[in-house]
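K.L.:
Attaching a single structure in structure tokens format; questions to follow.
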């Protein structure tokens, strides 16, 4: 796993074998960030990274200058890996928290410019993320929710759905207030 752009470009992080999640591929990640760089000024972004796994996406946002990134994952191996990565990077703009993503969304009062969710492919409650984000008003004005998912999900008929981008077996669905 490597950071593909920004000040940490080229830095590599190696999750342990049998890691409980699959990192977003470099190809898909680079494509996603090319889209985002045309839509956002990263230095102003407050980002929430749900189901963060390795912290791969959060680190990419940091590398590109995001003002604040909070990465959430409940799995102890993921959390431990992110803490180690945080220590290695030494970036004060990144916080990691070991907590269930749904519980976190139900409890927080803060708003974010961008919420990225990469739940396990096949997670049955994936649509609950969309509901919680919009029902609780967790996005700032102009904010975006992006869900990374497999081909088995189709959000095209969901409220707030704007577009989907496909990169091999990885899909990114974008949601925004109307």
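The values are calculated or read from the model by the stated rules, or taken from the named source; none is laboratory data. It should be emphasised that the depicted structure is a prediction, and the values quoted were computed from it without experimental measurement. Counting neighbours? That spans all protein chains shown, and the Cβs are built from the backbone with ideal geometry, glycine included.
K.L.:
Just for region 85-102: of the residues that are in a helix (DSSP H, G or I) and at pLDDT 95 or above, which one is surrounded by the fewest Cβ atoms within 10 Å (Cβ to Cβ)? Quick ask: steps written out before the conclusion?
P.N.:
First, pick out the residues of region 85-102 that are in a helix (DSSP H, G or I): 85-89, 101-102.
Filter once more, so that each one left must be at pLDDT 95 or above: 101-102.
Working: 101: 23, 102: 16.
Applying the filter and picking the extreme gives 102.
K.L.:
Right, next: Go through 123, 132, 105, 145 for me and flag whichever is in a strand (DSSP E or B) and surrounded by 14 or more Cβ atoms within 10 Å (Cβ to Cβ). Write out each step before concluding.
P.N.:
On the way: 123 fails: in a strand (DSSP E or B); 132 fails: in a strand (DSSP E or B); 105 fails: in a strand (DSSP E or B).
Within the list 123, 132, 105, 145, the selection yields 145.
K.L.:
Still on this structure: Among the residues of region 53-64, is any modelled with pLDDT of 95 or more, part of a loop (DSSP other than H, G, I, E, B), crowded, with 21+ Cβ neighbours inside 10 Å and under 13 Å from the mean Cα position of the chain (by Cα)?
P.N.:
no
K.L.:
Inside region 154-178, can you point out the residues that are in contact with a strand residue (DSSP E or B) (Cβ under 9 Å, 6 or more places away or on another chain), over 17 Å from residue 136 (Cβ atoms) and in a loop (DSSP other than H, G, I, E, B)?
P.N.:
Result: 154, 155, 156.
K.L.:
Same structure again: Here is a check on your reading of the model: is residue 116 in a helix (DSSP H, G or I) and either surrounded by 14 or more Cβ atoms within 10 Å (Cβ to Cβ) or without any contact (Cβ under 8 Å) to a residue 24 or more places away in the chain (or both)?
P.N.:
When the stated conditions are applied, residue 116 does not pass them.
K.L.:
Residue 39: within 14 Å of the chain's Cα centre (by Cα) and either at negative phi or surrounded by 19 or more Cβ atoms within 10 Å (Cβ to Cβ) (or both), yes or no? Show your work before the answer.
P.N.:
Numbers: within 14 Å of the chain's Cα centre (by Cα): no; either at negative phi or surrounded by 19 or more Cβ atoms within 10 Å (Cβ to Cβ) (or both): yes.
Here the answer is no, as residue 39 does not meet what is asked.
K.L.:
What number goes with the only condition from (1) over 17 Å from residue 93 (Cα atoms); (2) within 14 Å of the chain's Cα centre (by Cα); (3) not in a helix (DSSP H, G or I) that residue 48 does not pass?
P.N.:
In the conditions (1) over 17 Å from residue 93 (Cα atoms); (2) within 14 Å of the chain's Cα centre (by Cα); (3) not in a helix (DSSP H, G or I), residue 48 misses (1) alone.
K.L.:
Now for a different question. So residue 165 ticks every box in (1) free of Cβ contacts under 8 Å to residues at least 60 places away in the same chain; (2) farther than 29 Å from residue 84 by Cα; (3) surrounded by 14 or more Cβ atoms within 10 Å (Cβ to Cβ); (4) more than 13 Å from the chain's Cα centre (by Cα) but one. Which box is left unticked?
P.N.:
Status for residue 165: all satisfied but (1).
K.L.:
Quick check on region 65-80: of everything there that is over 14 Å from residue 98 (Cβ atoms) and without any contact (Cβ under 8 Å) to a residue 40 or more places away in the chain, which residue is farthest from the chain's Cα centre (by Cα)?
P.N.:
67
K.L.:
Does residue 121 satisfy being under 25 Å from residue 60 (Cα atoms), touching a strand residue (DSSP E or B) at 6+ places or on another chain (Cβ under 8 Å) and at pLDDT 95 or above?
P.N.:
For residue 121, the condition - under 25 Å from residue 60 (Cα atoms), touching a strand residue (DSSP E or B) at 6+ places or on another chain (Cβ under 8 Å) and at pLDDT 95 or above - is not met.
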